[in-house]
1. Given the residues His144, His234, His162, which is the only one that is at pLDDT 90 or above, closer than 17 Å to Gly307 by Cα, of a type outside the set (A, V, I, L, M, F, W, C) and in the same structural domain as Gly279 (by TED's automatic domain parsing)?
2. Quickly run through the range 73-124 and pick out the residues that are over 30 Å from Pro56 (Cα atoms) and hydroxyl-bearing (Ser, Thr, Tyr).
3. So, in the range 178-200, exactly how many residues are surrounded by fewer than 19 Cβ atoms within 10 Å (Cβ to Cβ), out of contact with any helix residue (DSSP H, G or I) (no Cβ under 7 Å at 6 or more places or on another chain) and of a type outside the set (Gly, Ala, Ser)?
4. Of the residues that sit in the range 47-66 and are at pLDDT below 95 and small (Gly, Ala, Ser), which one is nearest to Gln95 (Cα to Cα)?
5. Yes or no: the range 132-148 includes at least one residue that is outside any loop (DSSP other than H, G, I, E, B), touching a helix residue (DSSP H, G or I) at 6+ places or on another chain (Cβ under 9 Å), surrounded by fewer than 17 Cβ atoms within 10 Å (Cβ to Cβ) and in contact (Cβ under 8 Å) with a residue 40 or more places away in the chain.
6. Consider Ala280 carefully, then state whether it is in contact with a Cys (Cβ under 7 Å, 6 or more places away or on another chain) and in contact (Cβ under 8 Å) with a residue 12 or more places away in the chain.
7. If I go through the range 150-191 residue by residue, how many of them are hydrophobic (A, V, I, L, M, F, W, C) and part of a loop (DSSP other than H, G, I, E, B)?
Amino acid sequence: MSTQDNGNKDPNSQVETTGHVWDGNLQEYNNPLPRWWLWGFYATIVFAVVYWLLYPAWPIGDTFTKGFASVTYEVDGEERTTHWNTRALLARDMQTGTYAVRQREMLEQTAAKDYDEILADAEAMSFVNAYAQGSFGTWCAACHQVGGAGVVGQYPNLRNDHWKWGGTVDHIEQTIAQGRLGYMPGYRGILDGDQLNQVAAYVLSLNGYGMDAAAVDAGQRIFTGTDGGCFQCHGMDAGGLASQGAPDLTNDLWGLVDVRGADNDAQRQRLVANFVRDGAQREMPGFADRLSDAEIKMLTAYVHSLGGGQ
């Protein structure tokens, strides 16, 4: 490489060069940048400075520059103004955005109807299914699963018409708003092993399972007598009592005992006997303090429409 002074112009093209020459005739031209490119570059600098002033940008210790841009939205009916950030922007959009306003209007219109009107109106139910599906996913699916089928042995299935606390819209609304506390006392220490098996045999016989006749008779006496007293909650016919949350025992769709999943009748009898021995306690929280009346109404109509309403 060599450097020579030739007036900083290529002798052939007379184009200005940097003055550097390689291998005798390779030169570096000194063409100016296009004007449009320079202005574009300067514009990016101006844009960056304006952006730094308007929006959160630079870290400073354990905080950052907040910028001059702000977002105003409502919190519990009161206006709140904060520096620009995506959370505040989302909150504002959910309150004043086009789709949010339309959704709120539809919610108010649908909630103003009674349940009979909602369930009979295809447009209203279309909105209910779209709106309440999100609420169900947020508040209910953790226990009842996304489709409402529940978990055997833990949480009830909402897709059938077997309801412990009643499946009318009034019952469902009360359940969602106030919650439920289900309790069955355990009979450990009250009934011995033979008696537990006899009660289990009687209950299973009500569902068509082939149980020992003598055990069934003895179990019926315990069920309807003072030794067990099961009839006080489940009724003399074992049909259940919705006001107590006592399930119908004449079908084998018992959410807390998976008799259908058992391999044989002996295993079914053992499962039921163990359940009677141990008892159970299940609590569903109420949502009246977390959901508005309109939201509870939409969720009620949605749960009713899953297939388990009465």
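1. Values: His234 fails: closer than 17 Å to Gly307 by Cα; His162 fails: at pLDDT 90 or above.
The conditions single out His144.
2. First, the residues of the range 73-124 that are over 30 Å from Pro56 (Cα atoms): 102-124.
Passing the criteria: Thr110, Tyr115.
3. 8
4. Filtering first and then ranking leaves Ala57.
5. The answer is yes; a qualifying residue exists.
6. no
7. Of all residues in the range 150-191, those hydrophobic (A, V, I, L, M, F, W, C) come to 151-152, 158, 163, 165, 169, 172, 176-177, 181, 184, 190-191.
Add one more test, that the residue is part of a loop (DSSP other than H, G, I, E, B), and what stays is 152, 158, 163, 165, 190.
Residues that pass the stated criteria total 5.
Here's the yes/no breakdown for (1) out of contact with any strand residue (DSSP E or B) (no Cβ under 8 Å at 6 or more places or on another chain); (2) assigned by TED's automatic domain parsing to the domain that holds Leu299; (3) not charged (D, E, K, R):
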| site | (1), (2), (3) |
| --- | --- |
| Thr168 | yes, yes, yes |
| His171 | yes, yes, yes |
| Gln178 | yes, yes, yes |
| Tyr183 | no, yes, yes |
| Ala200 | yes, yes, yes |
| Gly219 | yes, yes, yes |
| Thr226 | yes, yes, yes |
| Ala238 | yes, yes, yes |
| Asp248 | yes, yes, no |
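The values are calculated or read from the model by the stated rules, or taken from the named source; none is laboratory data. As the structure is a prediction and not an experimental result, all values here were calculated from the model. No Cβ is skipped: glycine too gets one built from the backbone with ideal geometry, and neighbour counts run over all protein chains shown.
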